[in-house]
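Down below is the structure, laid out as structure tokens.
Nothing in this text is a laboratory measurement; each read-out follows from the coordinates by a stated rule. Remember, it's a predicted structure, so these values are computed and weren't measured experimentally. So basically every Cβ, Gly included, is an ideal-geometry build from the backbone, and we count neighbours across all protein chains shown.
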Amino acid sequence: MIHRAYRYRLAPSEEQRAEFIRYAGVCRTVYNIAREQRHCHWRQYLRATGKHINFASQCAELTALRADFDWVRSVYQTCTAQAIRDVDRAFRNFFAGRAGYPSPRRKGVNDSFRYIGREIRVQRLNSKWSAIRLRGIGWVKFRDTRPIQGSIREVTVACAAGEWHVSILCRIDCDPLANHGPAVGIDRGVANTLTLSTGENISLPTSLVAIDSRKRRAQRALARCKRGSRRRMKRLASVSRLAARITAARRDWQHRVSTDIARRFGAVAMEDLNVKAMTASGPGKRGLNRSILNQGWGAFATMLTYKLEERGGTLVYVPAAYTSQTCSECGSIDRESRKSQASFHCRHCGHRAHADVNAAINILRGSTPAMRVEGAGCGPVEARTTPNPALAA
Ligand SMILES: [Zn+2]
């Protein structure tokens, strides 16, 4: 069983667009009220009832809210309940250490609402167009770029830079296939985005870096504008347009690379990266690449996981410790062996290699017990098939 998300750009009518904005506004308000309640009133609630505020208690309050206010009742019930569900998830993720403290949702940034799968109908109109029935809003057309597989679990309608999209999460029940493709280790880095143990190097497209520097310039110009001015509104729109372009270009790159890797290899090993270490920013191009990548590793791993699963392959995580300081030939660990960012020269056996390729080979070895170098001194290595929770969030 695998999960897969399909994302399409919606083509709503003017009335539907207005309804989207209204739905997103009400759901955002419900979210912010529920968040505020957990943030400020949990102690009083605990004293009064002996229990913590939870999903069920907030849903009961939502029912009361819907009875009292027309503007809440006018939005389809599930959408408001899903906003409460989001608050619940956000706090769960926070308490589990997977995410930061939930912040309020903002207009223009978090414009979305969600349905559950069984309420949704999708119908094909012709070879290019399909329509989705969103309860309370009606049938909305979208350009059908690829067929949906499996059963629909969740449907999210969200706005990014003035365009409304629908994201359809499906569950596909399938028998695991046997994949006998070769194994590969992947080193993720900042100077070289991805280095494979085969010696290959895959970098972010240069266009992405160019758009990112344009976005930075636009952000600086925005900071100089007077609050509430017309010029500021224009600048804000151009920043969010560029941000959306970066997201689209990054997603495109992630899809192309993850498909290519999943097609060629049966088993992929990657490091269990510490997300905190990755978020620190550095100077120049490396800092730039890092900031572009920061929002991308989790999504890349998710894509690679489902693409491998579809083909019967696996993704394994190995501990990141010592992968860059270990010699892939003799297994000795020495900080001095890694002379620079690019080159590895073993002080014990004289082996020379590209530092990232050397690390990728070590990552591959870490994932397969039989190939693990004995006496390497890094103790028993546990390979896992789930990502670091901090990274998956
Ligand atoms: Zn060596």
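Please state the charge dipole magnitude for the chain, taken about the Cα centre, from unit charges on C-beta atoms (+1 on K and R, -1 on D and E), reported in debye and rounded to the nearest 20.
2160
Quick one: if the Förster radius is 51 Å, what FRET efficiency do residue 343 and residue 220 give, using the C-beta to C-beta distance and rounding to 0.05? Computed FRET efficiency for residue 343 and residue 220 comes out at 0.90.
Of the peptides 85-95, 305-315, 69-79, the ranking by mean beta-carbon count within 10 Å, highest at the top, reads 305-315, 85-95, 69-79. Dipole check for region 1-137: with +1 at the C-beta of Lys and Arg, -1 at the C-beta of Asp and Glu, and the Cα centre as origin, the magnitude is about 560 Debye. Screening the chain for DSSP H helices whose Cα atoms reach 24 Å or more along their own axis and whose mean Kyte hydropathy is at least -0.5 gives 77-95. Taking the three principal axes of the alpha carbon atoms in region 68-134, the coordinate ranges are 46, 34, 26 Å, sorted in descending order. Semi-axes of the equivalent ellipsoid of region 298-358 are 31, 11, 10 Å, computed as sqrt(5λ) over the eigenvalues of the C-alpha gyration tensor in descending order.
Enclosing the Cα atoms of the chain in their convex hull gives a volume equal to 188 cubic angstrom per residue. In the chain, taking the dipole from charged Cβ atoms about the Cα centre, the farthest positive-side position among 178, 94, 218 is held by 218. Projecting the Cα atoms of 160, 69, 108 onto the charge dipole of region 68-172 (Cβ charges, centred on the Cα centre) puts 160 farthest toward the positive pole.
The residue among 45, 359, 198 whose Cα reaches farthest toward the positive pole of the charge dipole of the chain, with charges on the beta-carbon of Lys, Arg, Asp and Glu, is 45. Across region 86-230 the C-alpha pair distances fall into 10 Å bins from zero in the proportions 8, 19, 24, 34, 13, 1, 0 percent. Computed packing ranks the peptides 132-144, 205-217 as 132-144, 205-217, most packed first, by mean other Cβ atoms within 10 Å.
Under the convention that each Lys and Arg Cβ holds +1 and each Asp and Glu Cβ holds -1, the size of the dipole of region 163-251 around its Cα centre is about 1620 debye.
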